[in-house]
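Participant: Below is a structure I'd like to ask you about.
Derivation of every value follows stated rules applied to the coordinates shown; laboratory data play no part. Keep in mind it's a predicted model, so treat the numbers as computed, not measured. Cβ sites come from the backbone with ideal geometry, for glycine too, and all protein chains shown count toward neighbours.
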Amino acid sequence: MDKACSDGHDDGFVGVFDSGLGGISVLRCLTAELPHEDFVFFGDSAHNPYGDKSNEQILGYSRSIVEDMVAEGAKAIVIACNTATSVAAATLRAERPDLPILGVEPALKPATEHDPHRRILVMATPVTLKLDKFHRLAEEYGSDSEVIAVPCVGLAHRIEQGELEAPDLHELLVDLVGQYRDKVDSVVLGCTHYPFVVRQIREVLGDVPFFDGGEGTARHLHEVLREHGLLTCSMGEGSVTFRSSLNEPGVLDRYQRFFDMEL
Ligand code: DGL
């Protein structure tokens with residue numbers, strides 16, 4: 001993070017956060033798109049899941065994470081959480097107009113651009129699906145599709161615990177979306193935890209295309225850093241640092257395992 005350029009200025013890092021390890025699915029796309037940048041990932045696993053918290057709580061957690069990251073030298077922030085983006089991104093941007101703050105949103109647009117797109121299943125947390133932001137997205141892109149929004153209560157928290165092959169996770173997925181097997185044209189993963197169980201979801205739903213916001217967010221971050229003159233001047237390999245609010249042994253190792261996981 002102290003990567004100084006030839007003119008001596010410090011490049012700063014990109015701060016990425018989520019309610020836990022889900023945002024690592026976005027981080028993987030960010031590091032692939034911007035391999036020379038330094039990233040600090042903060043998982044707020046002590047407060048996971050955000051999906052059953054109040055808007056005030058989610059805004060409070062997000063604000064304090066951003067404050068800490070800025071104090072440590074973040075040049076841009078990626079809210080790698082659909083739930084926190086829906087609740088907090090607009091307020092945080094208004095509070096810090098000089099700081100690029102990017103968010104993620106359910107990838108409805110690419111799903112509607114893919115054929116066929118008659119019936120699109122959107123899996124997300126109850127908070128994400130309740131808020132106006134999602135309804136606006138669905139209105140904007142979903143007019144010639146039937147958008148079936150499924151609040152996946154408990155799923156992000158279950159993924160957060162690891163053990164992705166356990167039978168109870170399969171049963172939870174069957175309960176949540178089993179009825180849509182062979183009945184939808186595509187699936188939008190509207191929570192950054194879900195890409196880690198795409199194979200398990202496919203077992204339940206059948207072989208349909210999946211869309212998530214990770215790659216789009218990475219391209220967007222690249223553009224924003226370029227526009228603001230914030231791209232690193234280093235050509236060396238960037239660093240990735242993991243931090244967590246959960247002070248338990250093994251948490252950072254689990255983050256690293258998810259970062260390296262083959263999907
Ligand atoms: N990973 C998050 C999201 O994208 C939040 C899940 C949760 O904490 O409920 O929505």
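Participant: Among 184-193, 200-209, 31-40, what's the highest-first ranking by average C-beta atoms within 10 angstrom per residue?
Facilitator: Per-residue Cβ counts within 10 Å, averaged per peptide and sorted highest first, yield 184-193, 31-40, 200-209.
Participant: Using Cα-Cα distances under 8 Å and only pairs 6 or more residues apart, what relative contact order does the chain have, in percent?
Facilitator: The value is 29 percent.
Participant: Given +1 on the Cβ of Lys and Arg, -1 on the Cβ of Asp and Glu, and no further charges, what dipole in debye does segment 49-197 carry about its Cα centre, rounded to the nearest 20?
Facilitator: Dipole about the Cα centre, nearest 20: 280 debye.
Participant: Given 37 °C and 0.692 mPa s, compute D for the chain with the Stokes-Einstein relation, Rh being the Kirkwood radius over Cα pairs; round to the nearest whole µm²/s.
Facilitator: Here the translational diffusion coefficient equals 175 µm²/s.
Participant: Okay, moving on. If each of Ala90 and Glu227 carries a label point 7 Å out from its Cα toward its Cβ, how far apart are those two points in nm?
Facilitator: For the pair Ala90/Glu227, the computed spacing is 1.9 nm.
Participant: Round to the nearest 10 and give me the degree value, 0 to 90, for the angle of helix 55-71's Cα axis relative to the longest principal axis of the chain.
Facilitator: Approximately 30 degrees, to the nearest ten.
Participant: If you stretched the chain out fully between Ser143 and Arg119, how much longer would it get, using 0.36 nm times the residue separation minus the C-alpha to C-alpha distance?
Facilitator: Gain in length upon complete extension: 7.5 nm.
Participant: Among Ser145, Gln57, Leu27, pick out the residue whose Cα is farthest towards the positive end of the charge dipole of segment 1-145, where Lys and Arg carry +1 and Asp and Glu carry -1 on C-beta, about the Cα centre.
Facilitator: Towards the positive end, the residue furthest out is Ser145.
Participant: Additional query: Restricting things to alpha carbons, find the Rg to Rh ratio for segment 50-203 using the Kirkwood radius for Rh.
Facilitator: Across segment 50-203, the Cα-based Rg/Rh ratio is 1.00.
Participant: Same structure again: Along the charge dipole of segment 1-118, which of Phe17, Cys81, Phe39 sits closest to the positive end, that is, farthest toward it, with unit charges on the beta carbon of Lys, Arg, Asp and Glu (+1, +1, -1, -1)?
Facilitator: Farthest along the dipole direction, towards plus: Cys81.
Participant: Continuing with this model, one more query. Below 8 Å between Cα atoms, with a sequence gap of 6+, how large is the relative contact order for segment 8-104 in percent?
Facilitator: Taking the mean separation of contacting Cα pairs over the length of segment 8-104, I get 34 percent.
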